[in-house]
Amino acid sequence: IGTVAAGVAKAHADCILVAGHVGGTGASPQTSVKFAGTPWEMGLTEVNQVLTLNGLRHRVKLRTDGGLKTGRDIVIAAILGAEEFGI
């Protein structure tokens with residue numbers, strides 16, 4: 001996910017959305033919904049680190065959603081690099 005995020009940032013995207021395994025699209029195959037994906041914390045951490053290491057972090061806003069249920073989740077997401085939050 002970090003490599004994809006770096007490419008998206010280089011392509012001048014405004015925002016990158018990192019959704020956790022409990023979020024996502026209803027168009028996904030049922031097997032993907034049940035058996036694929038990772039928590040948003042892992043994806044957000046990797047994206048933030050890759051963008052920072054490649055000097056791209058300032059180009060995009062990071063947004064996360066998919067399982068943020070409490071204020072604590074919002075604080076954790078902010079610490080990990082998110083600037084915008086969905087529920």
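Of the residues in the stretch 33-41, at least one is under 13 Å from Val18 (Cβ atoms), in a helix (DSSP H, G or I) and modelled with pLDDT under 95.
Within the stretch 34-87, the set of residues being of a type in the set (Phe, Trp, Tyr) and surrounded by 18 or more Cβ atoms within 10 Å (Cβ to Cβ) comprises just one member, Trp40. Flag set for Val47, criterion: within 15 Å of Ala78 (Cα to Cα) and at pLDDT 95 or above.
Can you tell me which residue within the stretch 18-32, out of those that are closer than 27 Å to Ile79 by Cα and surrounded by fewer than 17 Cβ atoms within 10 Å (Cβ to Cβ), is modelled with the highest pLDDT?
So in the stretch 18-32, the residues closer than 27 Å to Ile79 by Cα come out as 18-25.
Restricting the remaining residues to those that are surrounded by fewer than 17 Cβ atoms within 10 Å (Cβ to Cβ) gives 22, 24-25.
Working: Val22: 64, Gly24: 56, Thr25: 60.
Among them, the one singled out is Val22.
Leu56 satisfies every condition listed in (1) at pLDDT below 95; (2) over 12 Å from the mean Cα position of the chain (by Cα); (3) under 23 Å from Ala11 (Cβ atoms); (4) of a type outside the set (Lys, Arg) except (1).
The values are calculated or read from the model by the stated rules, or taken from the named source; none is laboratory data. If you're wondering where the values come from, they're calculated on a predicted model, not measured in any experiment. For neighbour counting, all protein chains shown are included, and Cβ atoms are generated from backbone atoms with ideal geometry for every residue, glycine included.
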